[in-house]
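Read-outs throughout are calculated quantities, based only on the coordinates presented, and are distinct from any laboratory measurement. This one's a predicted model, so the numbers in the text were calculated from it and none came from an experiment. All Cβ positions, even for glycine, are placed from backbone atoms using ideal geometry, and neighbour counts span all protein chains on display.
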Amino acid sequence: MIKNIIFDLGNVILKDSPSGILENLKSENWQIIKSKFFDNWNELDLGGETLKEHLDNCRFAFQVDETIREILLNYYKYRPFNREIIELMNDLKKINTAFIYYQTIIKKLMNI
């Protein structure tokens, strides 16, 4: 019997929809923001930098206003849940399956 299941957050429990978040930014620079912030976050994904460090490391050639900065630093709050996975988790919970919520940290796991 399976007792534990590990679910990744990005594009599993949470749908990966940065373009949807960017549409809410109403910024003429959304394509640059997408390219630098969302399309290039290997170090962030591996736990090598915080969201704030990642945003600072993007080094935009324009001033990022506070509203956009707040959205980028809290982008995960704006991502929709994958309802099918949530339903599966609820079904599994009914049969006493434990969950480990796992953010991709392969680099750190390899050092254990």
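Excluding LYS52 itself, what net charge comes from residues whose Cβ is under 12 Å from its Cβ, given Lys and Arg +1 and Asp and Glu -1?
Overall, the nearby charge balance is -3.
Taking a ≥ b ≥ c as the square roots of the Cα gyration tensor eigenvalues, with a/c under 1.5 meaning rounded and otherwise prolate when a/b beats b/c, else oblate, which class fits segment 21-85?
In terms of gyration-tensor shape, oblate.
Based only on other Cβ atoms within 10 Å, what is the fewest-to-most ordering of ARG79, ARG69?
ARG69, ARG79
If I take every Cα pair under 8 Å that is 6 or more residues apart in segment 17-78, average their sequence separation and divide by the length, what percent do I get for the relative contact order?
After rounding, I find 36 percent.
Starting from the 7 Å offset along Cα-to-Cβ, what nm value, one decimal, do you get for the label separation of ASP45 and ALA61?
Using points 7 Å along Cα→Cβ, the separation is 2.6 nm.
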